[in-house]
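Right, one structure below, let's go through it.
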Amino acid sequence: MIAENFNYDAPTSLDEAIALLHEYGDDAKILAGGHSLIPMMKLRFASPTHLIDINNIPGLSYVKEEDGYLKIGAMTKEVEVEESEIIHAKYQIFMDATKLIADPQVRNFGTLGGNLAHGDAANDHPAVMIALGADVEITGKDGKRTVGIDDFFQGFYTTAVEHGEVLTEIRIPAASGNYGSAYHKAERKVGDYATAGVAAMIQMDDQGRCTKAGIGLTNVSPLPLRASRSEEVLIGSDLSEAVIAQAAQYASEDCSPSEDLRGNVEYKRHLVSVITKRMINKAISRAKK
Amino acid sequence: MTKKITLKINGAEHTMEVEPRMLLIHAIRENASLTGSHIGCDTSSCGACTVLIDGKSAKSCTILAVQAQGKEIATVEGLATAEGLHPIQEGFHLNHALHCGFCTPGLMMRAVELLEKNPNPTEDEIRWGISGNLCRCTGYNNIVSAIQWTSAKMQGKELPSTEPKFV
Ligand SMILES: Cc1cc2nc3c(=O)[nH]c(=O)nc-3n(C[C@H](O)[C@H](O)[C@H](O)COP(=O)(O)OP(=O)(O)OC[C@H]3O[C@@H](n4cnc5c(N)ncnc54)[C@H](O)[C@@H]3O)c2cc1C
Ligand code: FES
Ligand code: FES
């Protein structure tokens with residue numbers, strides 16, 4: 001399968017990339033890892049007339065803790081997250097998630113920025129970022145702006161990144177105190193998109209009372225979903241079995257999966273309930289360590 | 001709208017005039033006439049087109065030829081040297097790790113990166129590491145044995161038996 005023809009530029013600075021996006025207008029697209037975009041272009045679901053490859057722009061790839069945030073550069077590849085020491089030590093949710101994303105070759109190229117900017121509720125990082133309460137930094141002609149993850153996903157393949165802008169950084173409130181996070185998705189086979197996936201983040205005080213909670217759901221609603229009622233029942237609670245069961249129940253009620261080859265609605269709701277319970281428990285046990 | 005690019009494949013430079021939409025696998029097979037890397041699915045799923053780009057295994061059906069400009073590309077044709085087969089080729093050969101051979105070039109290139117990063121992988125790590133490569137013939141067990149054998153060989157350890165195992 002061959003994509004429709006297009007012009008290709010590989011600028012070496014962010015300013016140049018943004019200028020090119022403005023020059024070419026609506027038909028220009030950013031090329032990051034290309035592992036969502038190129039397949040779509042081959043199928044001719046997307047036919048941009050200009051591709052702006054941002055792989056040659058230095059300084060967009062890093063994982064670091066700074067100013068109370070875990071900061072991830074937009075062009076950081078899945079494999080770099082998988083191999084990052086900070087991630088191993090404190091943010092195990094990414095170890096859970098990256099392992100379930102596609103396969104090693106795809107993870108050598110797919111970027112975290114691209115995974116969010118693609119705006120697909122089937123991707124795994126959106127739910128993770130919802131659970132972790134991330135902010136997204138977007139850079140345009142007039143400088144940088146920051147968008148909270150809850151305002152980032154706006155529709156099918158539509159995000160807060162406007163034309164002429166580049167997603168540059170993902171910022172996650174740094175892990176502190178008794179903090180744990182976990183992700184799992186049910187998939188039919190390796191590399192498949194989620195039948196249903198759940199991301200959980202739990203923070204507790206020394207008495208075991210929940211002070212912060214985040215629950216994000218993958219591929220069970222048109223947009224990546226925050227399970228707000230589940231979070232509310234967890235926060236302030238003693239995280240008893242009954243509370244966790246209630247949170248799982250709410251998540252399964254509040255999502256709106258559609259029937260497809262991966263399963264029917266009832267099955268997917270059931271999965272959400274089971275995985276929510278397991279991920280909350282996993283996050284709690286990690287928070288206790 | 002063509003672009004002139006130079007691809008460095010297995011150490012040799014190939015200069016070509018390509019449309020930006022040309023996929024790397026096509027440039028390798030058609031322009032550089034290196035047909036060892038295969039096209040199985042053309043949808044980023046099977047791994048038959050796996051090559052190394054600056055040492056990283058890549059599905060070359062999902063990468064544009066223009067993106068590989070200036071990078072070091074390695075394909076199956078570059079594995080053997082004048083001295084003989086690469087240990088991974090020897091491993092596949094001795095362990096009967098192929099039947100039709102269609103998946104083999106991609107699997108070997110993937111295994112090369114896997115062993116480079118993790119010289120002594122467990123069976124689970126091997127199975128996980130080749131999860132982006134499909135083989136419709138072997139059932140994978142002999143491929144796993146081949147990679148275990150190669151791991152031992154490359155580290156100068158005692159070599160496991162290559163007798164067929166019936167499972
Ligand atoms: C076989 C296969 C299986 C996969 N399985 C999974 C899976 O299980 N889970 C999962 O989450 N993903 C999966 N993916 C998708 C993969 O993770 C993609 O790499 C990822 O979704 C997009 O990242 P990218 O860097 O490749 O982006 P690209 O494909 O380059 O870009 C995607 C979109 O985002 C835009 N974009 C990219 N970066 C920026 C930026 N910095 N600023 C503004 N816009 C930008 C592009 O213009 C494009 O519209 C799979 C892909 C393949 C090929
Ligand atoms: S041909 Fe590239 S992954 Fe199948
Ligand atoms: S040997 Fe035939 S596909 Fe693997």
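The values are calculated or read from the model by the stated rules, or taken from the named source; none is laboratory data. This one's a predicted model, so the numbers in the text were calculated from it and none came from an experiment. With ideal geometry, Cβ positions are generated from the backbone for all residues, glycine too; neighbour counts draw on all protein chains shown.
Cβ separations smaller than 8 Å between residues 6+ apart or across chains give the following pairs from the range B:107-120 residues that are under 20 Å from B:Lys157 (Cα atoms) to residues that are within 13 Å of ligand 3 (Cβ to nearest atom) and not in a helix (DSSP H, G or I): B:Ala111/B:Ile130; B:Leu114/B:Ile130. Candidates A:Gly208, A:Gly164, A:Gly216, A:Gly191: the one that is of a type outside the set (Phe, Trp, Tyr) and in a strand (DSSP E or B) is A:Gly216. Of all the numbered requirements in (1) loosely packed, with under 14 Cβ neighbours inside 10 Å; (2) under 21 Å from the mean Cα position of the chain (by Cα), A:Glu259 misses one, and that requirement is (2). Of the residues in the range B:29-37, none is within 12 Å of ligand 1 (Cβ to nearest atom) and not polar (S, T, N, Q). Each residue in the range B:125-141 was checked for being away from chain A (no Cβ under 11 Å) and aromatic (Phe, Trp, Tyr), and 1 pass. Within the range A:155-176, restricting attention to residues that are touching an Asp or Glu at 6+ places or on another chain (Cβ under 7 Å) and closer than 30 Å to A:Met204 by Cα, which residue is farthest from ligand 2 (Cβ to nearest atom)? The selected residue is A:Ala174.
Comparison of B:Gly91, B:Gly55, B:Gly70 shows that the only residue that is in the same structural domain as B:Arg136 (by TED's automatic domain parsing) and not charged (D, E, K, R) is B:Gly91.
Could you list, in sequence order, all residues of the range B:123-167 that are within 16 Å of ligand 1 (Cβ to nearest atom) and in a loop (DSSP other than H, G, I, E, B)? Those that are within 16 Å of ligand 1 (Cβ to nearest atom) and in a loop (DSSP other than H, G, I, E, B): B:Ile130, B:Ser131, B:Gly132, B:Asn133, B:Leu134.
Here the helices (runs of 4 or more DSSP H) wholly within the range A:96-137 that include at least 2 residues being out of contact with any Gly (no Cβ under 8 Å at 6 or more places or on another chain), of a type outside the set (D, E, K, R) and away from ligand 2 (no atom under 16 Å from the Cβ) are A:112-117. If you go through the range A:47-76 and keep only what is within 13 Å of chain B (Cβ to nearest Cβ) and either part of a strand (DSSP E or B) or closer than 19 Å to A:Ala10 by Cβ (or both), you end up with A:Pro48, A:Thr49, A:His50, A:Leu51, A:Ile52, A:Asp53, A:Ile54, A:Asn55, A:Asn56. Based on what the data block shows, is A:Lys42 among the charged types (D, E, K, R) and assigned by TED's automatic domain parsing to the domain that holds A:Lys141? When the stated conditions are applied, A:Lys42 does not pass them.
Taken over the range A:48-73, the residue count meeting the criterion of being more than 20 Å from A:Lys90 (Cβ to Cβ) and among the charged types (D, E, K, R) is 1.
Are any residues in the range B:56-78 farther than 21 Å from A:Tyr8 by Cα and within 10 Å of chain A (Cβ to nearest Cβ), and if so, which ones? Scanning the range B:56-78 gives B:Lys56, B:Ser57. Taking the listed residues A:Asp103, A:Asp135, A:Asp96, the one that is at pLDDT 95 or above, under 14 Å from the mean Cα position of the chain (by Cα) and closer than 28 Å to B:Thr43 by Cα is A:Asp96, with no other qualifying.
Figure legend. Inter-residue proximity from the range B:39-58: first residues under 13 Å from A:Arg107 (Cα atoms) and more than 7 Å from ligand 2 (Cβ to nearest atom), second residues modelled with pLDDT of 95 or more and among the acidic types (Asp, Glu), beta-carbon distance below 7 Å, spacing 6+ or different chains. Indicated pairs: B:Lys56/B:Glu113; B:Ser57/B:Glu113. A:Ala122 meets each of the listed conditions (1) crowded, with 20+ Cβ neighbours inside 10 Å; (2) more than 21 Å from A:Ser176 (Cα to Cα); (3) within 20 Å of the chain's Cα centre (by Cα) apart from (1).
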